[in-house]
Each structure stands twice: as structure tokens, then as C-alpha cells.
Amino acid sequence: MPEYICSECGKRYPIEPFLYLCPECSKKQKENEPLHGVLLVSPDQEQFERFRKVGDPLSLLPVEREHFPDIPVGNTPLFHSKNLSEYTGFKNLYIKNDTLNPTGSLKDRASYLVSGFARKMGIEEIMLASTGNAASSMAGIGASAGQKITIFVPEDAPEAKLVQCRQYGADVKVVPGDYDRAYSLALEYADKQRALSRNTAHNPLTIDGKKTVSIEIFLQMGRMPENVFVPVGDGVIIAGVYRGFEDVVNAGLSSRMPKIFGVQAEGSDGICRIYETGSFEYRKPSTIADSISVGIPRNGYLAAGFLKKYKGECIRVSDDEILKAQIILSQKTGVFAEPSAAASLAGFLKVKERISGNESVVLLITGSGLKDIKSAKRALERFG
Ligand SMILES: *Cc1c(COP(=O)(O)O)cnc(C)c1O
């Protein structure tokens, strides 16, 4: 049986609804800091065997296929762009286009697993706090599965994401204040209602669902890439990316891990600071890239730990660099990404002199530009 394993103390637990964090390590939790006792899913040997045989990333998830929602998620294209290669001088440069998920962002990978798990456990309501994409994702995937979705969003979330949630029929509660406030309110609500929490990092399945993206990258390339660029806010996507590559290694299909570059906005760089100093200090976030704008990166300790363990790098980009990269990506590749997703390219452009032009590079493009037209217009006014 797959199990939960605590990322801090290594203790194992059965996978159960309403068990979110390691009961031991979460005792250390202080207010206004990243989560302690984040749990990881550990697949069993049978799953690794099945994966080796059939090469299906879903076989490494802790929910059987019959429970998943009808709408297909993942299996997004990985492609080489000649224009971007010429522009950057990198022959082996690839785009993993996760804007092509059903609700327009990589978050669908996590919603898909959480939705399937809720169905498997007979839970009818799922709730979460989100700056937008996790909310619209859970709303859409939940709609496909016929589940009740309750969402707490900060008042400054981009309009398209809110409209998207309401289109899908979710109960949207707009919270005065920021994402951190919405996060706490959502947890209070979940306790009262016995709804399943899809708060990012809090529910271990939000990390595990996202690992399918890196397993797909490995399968599509037929080998481990050398460098992968990942935008980082709460640090859940990057942890999922590491977990997926770890699964590939644990399945015996590769002997090495890629080098991963976590890319943060200068005005929301909590994980870079944990990585550099070993400790967390709250700072009010400020960046145009709303999906990576977080004051308390919920998965900050785990994400920084992975970067350390595998000798990754955490880099910062300015809002101007992000908006410029958004336009370059649109015009060189045809992929219109939201600012947070364009941060991958901004990060790559910033450090590419330090990478050998022969190495393979994958840019993870996490969300669609149509989700935040205001920022895209601003990019055109400034750099178009
Ligand atoms: C959520 C999100 C991110 C950041 O992911 P984290 O898990 O918060 O680090 C990046 N890009 C997009 C489009 C997102 O929706």
C-alpha cells in the first residue's frame, strides 16, 4: 500500500482523509511561518513495477484509475521551439506547456488527484483558499466529478479566475485581506464542515498530484533533462517536480536527478531566503505575478530542503523581467503564459550564461495568459 511519510521525521502513516500534517512535527508550528510536518506520498513496490511495465504516471498515484474525474488532465505537450532556441543559443531547449490543462493551469494535476481521492473516500465537499488558479482548477475538475467546491479567495484575485470559478458552479467566498488570511479562514471552515481541504501543501495530495508533470517530461524526452526551470510561490509545484523525478530514479529508470532552478519574484522570495539563510522571516509580498505572490510560502521548508539536497538553485526575477519574458515567450513560441508562468523563461534568461549551450533545458510553463489580461496589457504597454 502507498503510505504517507513525514518529510521531517520520516514517520509513516496510512493515507487517510483528514490526516494532513505529521501529528508530531506539526506541534512545532508557529503562526506566520511555512508548514511543519508536510507529508509526502510514498508509492509501493507494486506501483513502481507497474510503472516500469506500462509507463503510465497515474500508476504512481495513491488513487485507482476508476475514481478519477471524467475530464482528462495532464499529458501536455513538450516541444522544441526553433525560434526560442535561436534567440537563446540553446539547441536543446524545451517548453512543457501546462497551460493546456483543462482549466488553464498546472494546478489541475493536483485537483485531479484530490477529486479522485474524495470520490474514493465518499467525501462530497472540497474546500480551499487560493489566489486564483488552484480555485478555478478545483472548481472545474470538481464540476466534472459532480462535487461541491467551496473557495476562499482574496479580494485582489484576477477577475478572470473568479469568473471561471463561478462558471464552474463553485461557492466563492471573497475574503477581505490577502491570501494568507484566506488560507486560515478556509482551514477553519474545513474543520467545521468536515470538508476535504485542498489547501496547497496542507493536503499532501496537492504535492503528489503535481509529480505527474516531471514523470511526463522524463517519458517524453526518453531520459532525464539536465536543467528544469520552475516558477515558485508556495513551493508545491517544485516539490512535486522533485518527487516525480525521484519516482523515476526509484523505479530504476535513471540514475541521476536534473538540476532544478526555482524562480521567484523579487518581491515574493521567501523560499530563496530560507534556502540562503536557513530560516524564515515574514515579508509582505509584492509582485505582478499573482500566482507566485505569497507572504508565507506554505511549503517553504520542504521546497528549500529539496533544492539543498539536489543542489538546485533559487533565483529571483524582477516584475519587468517577468513581463518582458511573457512577451518573448508569446512571440517566439506561440505560448501565451500568465506572468507567474513566464517567470520560468525570465529565470532562464537571467542565468543562461552559466549553463553550457549543449545541455538540455526544460521551461515549465504553468498557466495561461488569458487568466490575467490586465498584466498582459501592462506588458504590452511597457515592452510590446
Ligand atoms: C500556483 C502557481 C505557481 C506556483 O506554484 P507553487 O506551488 O505555489 O510554488 C506558478 N505558476 C502558476 C501559473 C501557478 O498557478
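Got a sec? What order do Glu246, Glu124 fall in by accessible area at 1.4 Å, biggest, i.e. largest, first?
Solvent-accessible surface, decreasing: Glu124, Glu246.
For the chain, how big is the tail of P(r) above 38 Å, as a whole percent of Cα pairs?
10 percent
Alpha carbon centre of the range 117-188 versus the range 209-239: separation in Å?
Each part's Cα centre sits 25 Å from the other's.
Quick check for me: using +1 on Lys/Arg Cβ and -1 on Asp/Glu Cβ, what's the dipole size of the range 120-189 about its Cα centre, in debye to the nearest 20?
260 debye
In debye, nearest 20: dipole of the range 284-384 around its Cα centre with unit charges on the Cβ of K, R (+) and D, E (-)?
Magnitude of the dipole: close to 220 debye.
Tell me the mean residue ellipticity at 222 nm calculated for the chain from its helices only (DSSP H runs of n ≥ 4, each -39500 (n - 2.57), averaged over every residue, nearest 500).
Estimated from H runs of four or more residues: -12500 deg cm²/dmol.
Restricting to the chain, what percent of DSSP beta bridges are antiparallel, rounded to 5?
That works out to approximately 30 percent antiparallel.
Can you check what the net charge comes to around Thr103, using other residues whose Cβ is under 10 Å from the Cβ of Thr103 (Lys, Arg +1; Asp, Glu -1)?
Net charge in that neighbourhood comes out at +2.
I'd like to know which of Ser214, Phe229, Ser279 lies farthest towards the positive end of the charge dipole of the range 162-321, counting +1 on Cβ of Lys and Arg and -1 on Cβ of Asp and Glu.
Ser214
Summing +1 for each Lys or Arg and -1 for each Asp or Glu, what net charge is found among the other residues whose Cβ lies under 11 Å from the Cβ of Phe306?
Summing Lys and Arg as +1 and Asp and Glu as -1 gives +3.
So what's the net charge close to Tyr282: Lys and Arg +1, Asp and Glu -1, counting the other residues with Cβ under 12 Å from its Cβ?
Within the 12 Å Cβ shell, the charges total -1.
Test of the criteria: in the range 13-71, which GluC sites (Glu not before Pro) are in a DSSP loop and have at most 11 other Cβ atoms within 10 angstrom of their Cβ?
Taking the range 13-71 and a limit of 11 other Cβ atoms within 10 Å, the loop GluC sites (Glu not before Pro) found are Glu31, Glu64.
Please list, by residue number, every one of the chymotrypsin sites (Phe, Trp or Tyr not before Pro) in the range 230-308 that is coil in DSSP and has at most 12 other beta-carbon atoms within 10 Å.
Tyr282
Pull up all non-local amide H partners of Tyr94: gap of 5 or more, or a different chain, and H-to-H distance under 5 Å with H placed in the peptide plane.
Val361, Val362, Leu363
Rounding to the nearest 20 debye, state how big the charge dipole of the chain is about its Cα centre with +1 on each Lys and Arg Cβ and -1 on each Asp and Glu Cβ.
Dipole magnitude for the chain comes out near 540 debye.
Any idea which of Leu40, Leu349, Gly169 is furthest toward the positive side of the dipole for the chain, if Lys and Arg beta-carbons carry +1 and Asp and Glu beta-carbons -1?
Of the listed residues, the answer is Leu349.
Using all alpha carbons of the range 71-225, what is the percent of pairwise distances in each 5 Å bin, ordered from the shortest bin to the longest?
Percent of pairs per bin, in order: 2, 10, 18, 20, 17, 12, 9, 7, 4, 2, 0, 0.
Computing the accessible area with a 1.4 Å probe over protein heavy atoms, can you report the carbon and sulfur percentage for the chain?
So the carbon and sulfur contribution to the accessible surface is 48 percent.
Answer with one residue from Leu93, Met138, Ser197: the one whose Cα lies farthest towards the positive end of the charge dipole of the chain, charges on Cβ with Lys, Arg +1 and Asp, Glu -1.
Working it through, the farthest residue towards the positive pole turns out to be Leu93.
Rolling a 1.4 angstrom probe over the protein heavy atoms, how many square angstrom per residue are accessible across the chain?
39 Å²
Find how many whole Å separate the alpha carbon centroid of the range 64-105 from the alpha carbon centroid of the range 1-24.
Here the answer is 31 Å between Cα centres.
Could you list, in their original order, any pairs among Lys30/Lys284; Lys107/Lys284; Lys30/Lys311; Lys107/Lys210; Lys192/Lys284; Lys173/Lys377 whose Cα atoms are separated by more than 19 Å?
Going by Cα-Cα distance, Lys107/Lys284; Lys30/Lys311; Lys192/Lys284; Lys173/Lys377 fall outside the 19 Å limit.
Only helices at least 30 Å long along their own axis, judged from Cα atoms, and with Kyte-Doolittle mean hydropathy of 0.5 or greater: name those in the chain from DSSP H.
Span-like helices, by this rule, are absent here.
The values are calculated or read from the model by the stated rules, or taken from the named source; none is laboratory data. Fair warning: this is a prediction, and the values are worked out from it, not measured in the lab. Note that we place each Cβ from the backbone using ideal geometry, even for glycine, and neighbour counts take in every protein chain shown. In case anyone asks, the SASA skips ligands and DNA or RNA and just uses the protein heavy atoms, side chains included. Shrake-Rupley method; radii C 1.70, N 1.55, O 1.52, S 1.80 Å.
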